[in-house]
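Presented below is the structure to which this report refers.
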Amino acid sequence: MVKKIILENQTGVDPKFNLWTQEALDEMLNLFPEFKDKFEVVARGNYKPQGSEIDQAAFDALTLGDEKDLYVRLPSGRYLVPYASTDWYIERAKMLSENNGFDAEIFVKLHADANDAEKPITLTLVNDGFDNCAGYGVQNLGFGISVRNFDDSKKELFKNIVKHELGHVFRATYRGRSNIIEQGGQHCTNVDCLMDAAPIGINHFLDKPFCDECMEAMRENLQQLLEDENSLSVNSTSLDDTNHVDSSWKKPLREFYTQTANDRGLQYAENEEAKNFQAQLKANDGSVTNVEASSLDNISLSAADKNGNNQVPNQEHFDDLVKYARKNNMSAIKLGDIKTPEFRARMVLACLSANPPMKIVNMPELNEGFFKDVDAATRQKIEAFTQPQNQNQNQNQNQNQNQNAKPYIISRNKTIVRLEQKEKLGQLSPFEEKMLNYARLDKKSEEEFERAVQRTGDSIDPRTAEHTARTGLKPEDYYYKSKSRKNAAAWKLHLDVVPNRNDPTTKAVSEMLEKLDVEHKVYKGGENGKGMTIYVGSYEDARKLSREINLRFGQNIPKPPVYTDQVGSETMFNRVVSGRIYLQGLFETQYPHGTVEGICPASFGSLSDAKSESFIFAQALNENILPAGTNASQCFGLSGNLDFEKKYIFNAIEAYCAHKLYEKHLGAYYNGRKPDLFESKMFDGIVPDASDPQRAKWDAIATKFENFVAQEYPRGISGMKSIVAGYTPIDFSKLPPAPQNQYQHGRQRQP
Ligand SMILES: [Zn+2]
Ligand SMILES: [Zn+2]
């Protein structure tokens with residue numbers, strides 16, 4: 001998926017300015033070779049498609065409902081059709097600017113609201129002068145530049161202004177960054193940087209137009225813009241009000257849902273007064289489905305039966321969301337704030353059943369936890385789509401498989417029985433002992449989760465419901481963005497605190513993190529026990545920070561109960577702090593797969609083409625690490641055929657491959673100052689001992705895997721190197737002295 005940059009100009013702008021702008025844009029994109037080919041530049045001059053201007057007779061024939069009040073009359077007596085041409089946006093922005101003449105910011109924002117769900121960055125050159133500035137750039141939306149004070153003698157200056165405004169578009173200078181001055185917007189105070197508050201003083205070509213800080217800030221922003229933004233966020237809860245300049249942005253939603261209602265025989269009604277898009281689709285049986293959107297890419301669905309009782313919307317409405325996303329060139333779905341398992345499952349099903357399947361940015365693991373409280377019919381359909389392609393897709397066979405109920409749970413319980421007998425005889429190998437413990441934990445977690453759901457009535461996030469019941473505090477989002485720390489996402493930590501910053505402990509931890517400038521979030525949505533997430537970065541920093549948290553607040557933070565998400569999947573840094581390593585943006589799987597706690601697999605490619613898993617599976621089978629006859633569907637991703645022991649082994653080898661890859665390319669950033677201790681903490685009892693000849697097989701697979709990644713996915717390797725190179729460690733000297741250290745002689749030793 002590419003991001004479009006559209007270049008336009010007002011009627012009458014000398015074409016040389018377009019050429020200069022293109023030159024400057026090219027030079028700018030050359031500064032970011034890693035992103036350059038993700039942009040597509042479209043120069044369309046004075047954009048004036050057929051039908052964007054009408055004559056008096058056509059205008060007279062309009063009724064008010066046709067947005068007649070938005071037409072702009074030209075001196076020629078003709079009219080500009082709303083939202084249809086470059087010149088209309090310019091004239092309309094002038095009207096909205098009222099006494100201020102021509103407000104560049106209003107213009108850029110209005111233009112960005114164009115009915116174009118591709119959300120291009122739009123760069124516009126105008127002849128008319130803006131108030132108080134030559135140009136204005138808005139983050140991720142575009143810029144407007146007035147050419148009227150430039151001529152041939154000022155070509156370099158003009159190009160520098162273009163780059164400066166692009167700097168704003170790419171978010172070089174954000175509030176809170178260091179070396180920033182608030183002067184006509186945020187500007188940079190580093191010498192010889194084009195983001196100077198008075199770029200007009202820089203009128204010559206610069207070899208290195210931006211300082212390192214500006215470059216880094218732009219990189220970060222581009223990474224996010226290009227990788228995350230192009231997805232549709234789907235929620236089951238109501239949305240905050242939007243702040244668009246006008247309501248034209250609703251058009252694609254209105255068109256899509258009127259058409260859809262029509263196709264499906266539903267009645268369409270819209271609340272046009274609301275700031276958000278709000279539509280209701282009513283079925284003949286009296287049930288309604290509500291669609292709310294605060295932008296084209298943030299939608300919430302809800303439904304009620306004919307008596308007004310809430311229900312999960314029908315599957316067709318989820319299928320429609322995928323269609324809507326496709327129609328508007330979005331390449332993925334993001335599971336937003338979703339309150340019920342069935343809602344989440346139906347959204348996942350809609351994505352899997354689309355042709356081709358729709359990617360889910362934060363794809364959950366399709367395990368027993370995911371399917372808890374999901375209708376049998378929905379589950380069966382999801383499992384039908386997640387059968388590996390080499391399986392017989394025959395419908396009858398699938399039905400037979402599903403009559404076997406939950407093979408994973410049955411096989412797990414059998415493992416417990418078998419190994420407990422061996423345990424009594426004192427015959428467990430270290431591997432079996434570890435596997436037995438994990439099986440027991442998994443079983444206990446499931447049973448306790450069920451009890452917590454019964455107690456609280458909340459089937460996705462019972463832990464948060466308990467916090468709320470105990471403290472009276474409803475969950476509330478809070479996000480602190482680090483100002484100075486770079487590449488601080490790989491190791492992240494979780495705390496089972498009350499997900500609301502009004503809780504004194506949550507607040508105290510958060511304040512300490514802010515002193516250290518450590519990014520973190522307090523999160524209300526479906527996190528079951530992960531009230532706070534802390535984005536740390538390196539392993540050493542994660543270790544030190546966990547120690548400080550435990551030391552200062554440990555007595556007020558609960559140990560996460562066994563039914564929370566982190567238990568059994570994350571590594572415990574101490575009693576209250578758990579964590580995982582996940583390289584967001586480089587590798588897809590953000591969940592550690594049991595067996596080895598805390599290491600997310602280095603899998604790449606989406607669910608439907610997880611090449612890394614198939615590769616490792618084939619190797620493990622070949623080396624007899626997995627028993628002969630093992631089927632891929634018994635090992636990963638898919639729920640219908642999972643076999644507890646085979647999956648346990650597969651997860652072990654998969655985690656070991658990731659471990660060796662991270663060890664090689666992330667080094668101490670990944671495993672700290674004592675790599676041997678780290679490895680033994682993570683893998684003892686799971687991987688054969690170093691003295692065991694079997695170990696060579698594991699190492700050989702890990703080496704092959706690394707070569708495979710280097711060949712198939714070189715960005716994975718280069719990305720890891722740049723994470724390490726750009727990392728800013730936590731400055732612990734900013735902390736006040738710790739209180740009396742009650743854990744100093746404690747038992748929580750760490751590698
Ligand atoms: Zn500026
Ligand atoms: Zn700068």
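Observations
- Karplus-derived 3J(HN,Hα), 6.51/-1.76/1.60, for each residue of the stretch 347-360, Hz, glycine and proline x: 5, 5, 4, 4, 5, 5, 8, 5, 10, x, x, 8, 6, 10
- Computed over every Cα-Cα pair of the stretch 497-546 and binned at 5 Å starting from 0, the pair-distance distribution P(r) comes out as 5, 21, 29, 25, 15, 5 percent.
- For the pair Asn556 and Asn362, a Förster radius of 25 Å applied to the C-beta separation gives a FRET efficiency near 0.25, rounded to the nearest 0.05.
- Eigen-decomposition of the gyration tensor built on the alpha-carbon atoms of the stretch 1-62 gives equivalent ellipsoid semi-axes of 34, 16, 6 angstrom, largest listed first.
- Note that the stretch 307-324 has calculated 3J(HN,Hα) couplings of 8, x, 7, 4, 8, 6, x, 4, 3, 4, 6, 6, 4, 5, 4, 5, 4, 4 Hz, one per residue in order, obtained from phi through the Karplus relation 6.51 cos²θ - 1.76 cosθ + 1.60 (θ = phi - 60°); glycine and proline are x.
- Dividing the summed -39500 (n - 2.57) terms of all DSSP H runs of n ≥ 4 by the residue count of the chain sets its mean residue ellipticity at 222 nm at -12500 deg cm²/dmol.
- Using only the C-alpha atoms, the convex hull of the stretch 91-206 corresponds to 112 Å³ per residue.
- For the stretch 630-696, the Kirkwood hydrodynamic radius from C-alpha pairs, put into Stokes-Einstein at 25 °C and a viscosity of 0.890 mPa s, yields a diffusion coefficient of 184 µm² per second.
- The lysines whose alpha-carbon is closer than 18 Å to the alpha-carbon of Lys38, local same-chain residues fewer than 8 away aside, are Lys3, Lys4, Lys119.
- For the stretch 494-594, the fraction of alpha-carbon pairs in successive 10 Å shells from zero, as %: 15, 52, 30, 3
- Look at the alpha carbon pairs under 8 Å that are at least 6 residues apart: their mean separation over the length of the stretch 231-362 gives a relative contact order of 28 percent.
- Segments 186-196, 28-38 sorted - mean Cβ within 10 Å per residue, highest first: 186-196, 28-38
- Each peptide in 255-264, 660-669 was scored by the mean count of other Cβ atoms within 10 Å over its residues; highest first, the order is 660-669, 255-264.
- All Cα-Cα separations within the stretch 231-362 were binned at 10 Å from zero, giving a P(r) of 13, 46, 36, 5, each value a whole percent of the pairs.
- Cα-Cα separations in the stretch 462-734 greater than 27 Å, expressed as whole percent: 41
- Computing FRET efficiency as 1/(1 + (r/R0)^6) for Ala690 and Thr242, where r is the C-beta to C-beta distance and R0 is 51 Å, gives about 0.30.
- Taken over the C-alpha atoms, the chain has Rg and Dmax values of 28.6, 98 angstrom.
- Hz values of 3J(HN,Hα) by residue in the stretch 406-419 - Karplus curve (6.51, -1.76, 1.60), Gly and Pro given as x: 10, x, 4, 5, 4, 5, 4, 5, 5, 4, 4, 4, 4, 6
- Here the extension length gained between Gln311 and Asn203 equals 32.6 nm, from 0.36 nm per residue of separation less the Cα-Cα distance.
- For Lys68 and Lys734, the FRET efficiency from 1/(1 + (r/R0)^6), where r spans their Cβ atoms and R0 equals 41 Å, is about 0.10.
- Chain lengthening between Asn46 and Glu156 when straightened (0.36 nm per residue, less Cα-Cα): 37.3 nm
- The share of C-alpha pairs in the stretch 429-562 whose separation exceeds 21 Å stands at 48 percent.
- A straight chain from Ala725 to Ser178 at 0.36 nm per residue would run longer than the Cα-Cα distance by 194.9 nm.
- Checking the cross-link pairs Lys250/Lys282; Lys434/Lys647; Lys492/Lys544; Lys208/Lys664; Lys334/Lys474 against a 22 Å limit on the alpha carbon distance flags Lys208/Lys664; Lys334/Lys474 as lying beyond it.
We did not get these values from a lab; they are worked out from the coordinates using the rules stated. This one's a predicted model, so the numbers in the text were calculated from it and none came from an experiment. Here Cβ is always computed from backbone atoms with ideal geometry, including for glycine, and neighbour counts include all displayed protein chains.
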